[in-house]
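In what follows, a single structure is set out as structure tokens and then discussed.
The values are calculated or read from the model by the stated rules, or taken from the named source; none is laboratory data. It should be emphasised that the depicted structure is a prediction, and the values quoted were computed from it without experimental measurement. FYI the Cβ positions are ideal-geometry reconstructions off the backbone, even for glycines, and counts take in every protein chain you see. In case anyone asks, the SASA skips ligands and DNA or RNA and just uses the protein heavy atoms, side chains included. Shrake-Rupley method; radii C 1.70, N 1.55, O 1.52, S 1.80 Å.
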Amino acid sequence: MSDTGPETNTKSVFIKTYGCQMNVYDSERMKDVLAPIGYAPTDSPEGADLVVLNTCHIREKATEKVYSELGKIKKMKHAQGGKMTIAVAGCVAQAEGAEIMRRQPAVDLVLGPQAYHKLPEMIARVHRSTGERLETEFETLEKFDALPKTRQADGPMAFLSVQEGCDKFCTFCVVPYTRGAELSRPVDDITLEARNLASQGVREIQLLGQNVNAYHGAAPVIEAGDEWTLAQLVRHLSKIGGFDRIRYTTSHPRDMDDDLIAAHADTPELMPFLHLPVQSGSNNILKAMNRGHTREHYLDIMRRMKEARPDMALASDFIVGFPGESDKDFEDTMDLVREVGYAIAYSFKYSERPGTPAAEMFGQVPEDVKNERLQALQALLREQQTAFNASKIGETVPVLVTGTGRNEGQMHGRSPWLQAVHFDGAPDLVGQIIDVEIVGSSLNSLSGTLPSGANEAAA
Ligand code: 5AD
Ligand code: SF4
């Protein structure tokens, strides 16, 4: 097998993605750097020439999953007579580095989130059996500069990474250690990538960043000013043509400025959905978490968002059982949930992460108490999510059609509030935004019908 120069598509790569949307984006970009050296994506690790696990370190469970998957993949590598290159990428790679190769010697290379552009060079080194097989330096802008300028869009919705890293240092969180300090991409770079996506028929973009509303990227070279905020970036992208829908995730309450709230009122392309994690409803716990905001500040943002856009769907993340969390603290969280009323929320038991300040704190909460609290919180959140979805029954909502369902004639798409919508329609509707009358709902999706006449017109 040759390592240099352009090659034909004779090799296959399987990429498994864990964790957040940033990882989903990174996996897509890894496919983009691998294509020119002859790797085509495949759906199964079995028989693949290259297997990449793009990993997540956020909770202990996520990390353990990676090692158990590596055990399975090692067996496949043996069955293929060793003809498989195994790469571990992402945040476990960043946090554990060479330890991964010690724990699982079948792993050939380890690369952190800032090193994806070096993947072809690292594969070449493995094949030549020379040089370093570990890359975990922080060079975020170098990564973005070195990635191919064009990318292959996969359907009418796409992620676009605009900011990476975090320096908030919440006491429970590994992200500042695995993803590095906050860094924003220049507006011109983002515009280039956005135009390329739009030209491929992408109608909805989701701007990504660990702290996306802390965005402060270099202003376009032809414009005045040094840096632009996320609100400025959103308004700009709404005007470049092609995008009917813009979203951004994930935000931090500390960085929520008035202009971004105003953008929800004045930019119709900006979708009525806000994922703003609060983590806890107790001021004591928020302080111990080093969140840098109070319960009152958070509730005020949520209220103003609803004022700017009355149909705004609100989302959050929660952690239960943070060290020192009392029954009263947990009740404050339940109470906040009742006050806000969420469309969707993600909740987790606190997981002790080595090297983070909270892991050393007194008052670690017993597992059974964490379990009880998680169950109570999730029951309440499920109730709210079910009610939110049901509130759309009887409405006609614009749906971006994203694909065909399992059975013939079944289609699926997304509502403005990020709900999955199923309905019967023609396959050529994919990529269009069409009106769907909502007739049913469940915890996780809506079902609808096309208003009479629409189906025939499109078919
Ligand atoms: N334990 C449990 N949940 C965590 N999260 C981050 N770190 C931890 C941890 N140590 C959750 C937070 C964050 C989401 C991505 O993961 O809720 O918003
Ligand atoms: Fe982690 Fe806090 Fe940064 Fe979010 S804001 S990534 S929870 S440190």
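Listed values, structure above:
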{"item": "Dipole magnitude of region 328-431 about its Cα centre (Cβ charges: Lys, Arg +1; Asp, Glu -1), debye to nearest 20", "result": "200"}
{"item": "Extension gain, Lys83 back to Lys328 (0.36 nm per residue minus Cα-Cα distance, nm)", "result": "82.5 nm"}
{"item": "Solvent-accessible area per residue for the chain (1.4 angstrom probe, square angstrom)", "result": "43"}
{"item": "Between region 385-408 and region 169-226, the Cα center-to-center distance that results, in Å", "result": "29"}
{"item": "Convex hull (Cα only) mean projected area of region 11-141, reported in nm² to one decimal", "result": "7.3"}
{"item": "For peptides 93-105, 204-216, sequence by mean Cβ density within 10 Å, most packed first", "result": "204-216, 93-105"}
{"item": "Rounded Å value of the spacing that divides the Cα centres of region 286-355 and region 101-135", "result": "39"}
{"item": "Inter-site label distance for Ile222 and Asn284 at 7 Å from Cα along Cβ, in nm", "result": "5.8"}
{"item": "Assigned charges on the beta-carbon of Lys, Arg, Asp, Glu; the chain dipole about Cα centre (debye)", "result": "1100"}
{"item": "Peptides 143-154, 161-172 ordered by average Cβ neighbours within 10 Å, highest first", "result": "161-172, 143-154"}
{"item": "Loop GluC sites (Glu not before Pro), region 366-397 (other Cβ atoms within 10 Å of the site Cβ: 14 or fewer; DSSP)", "result": "Glu395"}
{"item": "Kirkwood-Stokes translational diffusion coefficient of region 143-390, alpha-carbon pairs, 25 °C, 0.890 mPa s, µm²/s", "result": "127"}
{"item": "Contact order relative to length of the chain, as percent, for alpha carbon pairs under 8 angstrom and 6 or more apart", "result": "9"}
{"item": "Cα-Cα separations in region 275-393 greater than 23 Å, expressed as whole percent", "result": "30"}
{"item": "Protection proxy ranking of 63-75, 409-421 - average other beta-carbon atoms within 10 Å, highest first", "result": "409-421, 63-75"}
{"item": "Relative contact order of region 264-312, pairs being alpha-carbon contacts under 8 Å that are 6 or more residues apart, as %", "result": "42"}
{"item": "Normalised alpha carbon radius of gyration of the chain [divisor 2.2 N^0.38 Å]", "result": "1.01"}
{"item": "Percent of beta bridges antiparallel (DSSP, the chain, rounded to nearest 5)", "result": "35"}
{"item": "Length added when fully stretched, Asn407-Asp167, from 0.36 nm per residue minus Cα-Cα", "result": "81.8 nm"}
{"item": "Taking region 143-390 and dividing mean pair separation by its residue count, relative contact order in percent (alpha carbons under 8 Å, at least six apart)", "result": "16"}
{"item": "Sulfur and carbon atoms: percent of accessible area, region 1-119 [1.4 Å]", "result": "52"}
{"item": "Too-long pairs where the Cα-Cα distance tops 25 Å, listed order kept, from Lys16/Lys168; Lys65/Lys287; Lys65/Lys370; Lys328/Lys370", "result": "Lys16/Lys168; Lys65/Lys287"}
{"item": "Accessible area of region 143-390 belonging to carbon and sulfur atoms, whole % at 1.4 Å probe", "result": "52"}
{"item": "Inter-probe distance in nm under a simple model that places probes 7 Å from Cα toward Cβ, at Thr10 and Met361", "result": "5.7"}
{"item": "Hits among lysines - C-alpha to C-alpha of Lys306 under 22 Å, sequence gap 8 or more where chains match", "result": "Lys392"}
